[in-house]
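Before any comments, here is the structure.
The values are calculated or read from the model by the stated rules, or taken from the named source; none is laboratory data. What you see is a predicted model; the values in this text were computed from it and never measured. Glycine also receives a Cβ, built like all others from the backbone with ideal geometry; neighbour counts cover every protein chain displayed. These accessible areas exclude ligands, DNA and RNA; they are computed on the full protein's heavy atoms, side chains included. Shrake-Rupley method; radii C 1.70, N 1.55, O 1.52, S 1.80 Å.
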Amino acid sequence: MSLKVALFGITRDIVGTSVIELPAPAPATVGELLAEMRKQYPALGELRSCAVAVNNEYATHDHPLRTTDEIALIPPVAGG
Amino acid sequence: MTPHLSITDQPVDVASALAAVQTDAAGAVNAFIGTVRNQSGGRPVRRLHYESYDSMALTQLGHVVAQAYEKWPMLQEVAVVHRKGTLELGDVAVVVAVATPHRAESFAACQFIIDTLKQVVTIWKREEYEDGTEWVAAHP
């Protein structure tokens, strides 16, 4: 299975696209996804933080990922 | 008491946000209005670019407001409007308006909502300077 990950703000600048597709075998959990993304794009590891959202909610590292999930990297927010 | 929450690429209408929270049950309306400042850490800022992950931002904003209703059960009405896109100096970036029976809770609830919004709502800010741009808070 492959996964699509939406990118915003500085993560989109780092990766160079607003959606990245991770081919099979795709990461099974949020933690694996972060590790894989940081391996491919070391600049992600230099951010103050980088969370993962699954279906519009912040997800913990052990959260499982499914192909039907809406997944996004969430760099440090700065609203207001 | 359904909160009025929106993220818009149009100029924020502060008067509409205030009108949205108006209710006969409230003796206090409190609003925070965030505007674009001309400097950041001593560095002149020309304009700001806000980017939003709208669906998640509205979901998280809903959680923030739900927490406010739990903390202040007397809270009557809430409106939050956040701008996205390119903003010039002086433009309104965000308005938070709350209505409560008495003033003390209106200050507290309004501050809680804007402070928590800044921590969890998926909106990003890129400052534009004379010699480039930078994503705010991205790096330690």
>> Using a 1.4 Å probe and counting only protein heavy atoms, how much accessible surface gets buried when A and B come together, both sides summed, in Å² to the nearest 100?
In response: 2100
> Name the residues of the range A:63-80 whose accessible area, probed at 1.4 Å, falls by at least 20 Å² once all protein chains are in place instead of their chain on its own?
Replying inline: A:E70, A:I74, A:P76, A:V77, A:A78, A:G79, A:G80
>> Quick test of the membrane-span-like rule: which DSSP H helices of chain B reach at least 18 Å along their long axis (C-alpha atoms) with mean Kyte hydropathy at least -0.5?
In response: B:54-71, B:103-120
> Among the lysines, which fall within straight-line cross-link reach of B:K125, defined as a Cα-Cα distance under 19 Å, with same-chain neighbours fewer than 8 residues apart omitted?
Replying inline: B:K84
> How high is the relative contact order of the range A:3-74, in percent, counting Cα pairs under 8 Å that sit 6 or more residues apart?
Replying inline: 40
> Got a sec? Which residues of the range B:52-79 lose 40 Å² or more of accessible surface with every protein chain in place, vs. that chain alone, 1.4 Å probe?
Replying inline: B:Y53, B:M56
> Between B:A25 and A:E70, what is the spin-label point distance in nm, taking each point 7 Å from the Cα along the Cα→C-beta axis?
Replying inline: 3.1
> Ignoring ligands, DNA and RNA, what percent of the 1.4 Å accessible area of the range B:4-129 is carbon and sulfur?
Replying inline: 50
> Taking only protein heavy atoms and a 1.4 Å probe, what accessible area per residue, in Å², does chain A have with all protein chains in place?
Replying inline: 47
> Just how many % of Cα pairs in the protein assembly as shown lie over 22 Å apart, if you round to the nearest whole percent?
Replying inline: 54
> What size of dipole, in debye to the nearest 20, comes out for chain B about its Cα centre when the only charges are +1 on Lys and Arg C-beta atoms and -1 on Asp and Glu C-beta atoms?
Replying inline: 200
> Considering only the other residues whose Cβ falls under 9 Å of the Cβ of B:A137, what net charge follows from Lys and Arg at +1 and Asp and Glu at -1?
Replying inline: +2
> Which whole-number value in Å² is the accessible area per residue of the range B:4-129, probe 1.4 Å?
Replying inline: 45
> What FRET efficiency, computed as 1/(1 + (r/R0)^6) with R0 = 35 Å and r the Cβ-Cβ distance, is obtained for B:H139 and B:D9, rounded to the nearest 0.05?
Replying inline: 0.85
>> Taking all protein chains in place and a 1.4 Å probe, what share, in percent, of the accessible surface of the range A:3-74 do carbon and sulfur account for?
In response: 51
> Averaged over peptide A:6-15, how many Cβ atoms belonging to another chain are found within 10 Å of each residue's Cβ?
Replying inline: 4
> In what order, largest first, do A:Y41, A:Y58 sit by accessible area if the probe radius is 1.4 Å?
Replying inline: A:Y58, A:Y41
> Using a 1.4 angstrom probe on protein heavy atoms only, which residues from the range B:123-140 are buried by at least 10 Å² of accessible area when all chains are present rather than their own chain alone?
Replying inline: B:I123, B:W124, B:K125, B:W135, B:V136, B:A137, B:A138, B:H139, B:P140
> Rounded to the nearest 20 Debye, what is the dipole magnitude of chain A about its Cα centre when Lys and Arg each give +1 and Asp and Glu each give -1 at the C-beta?
Replying inline: 140
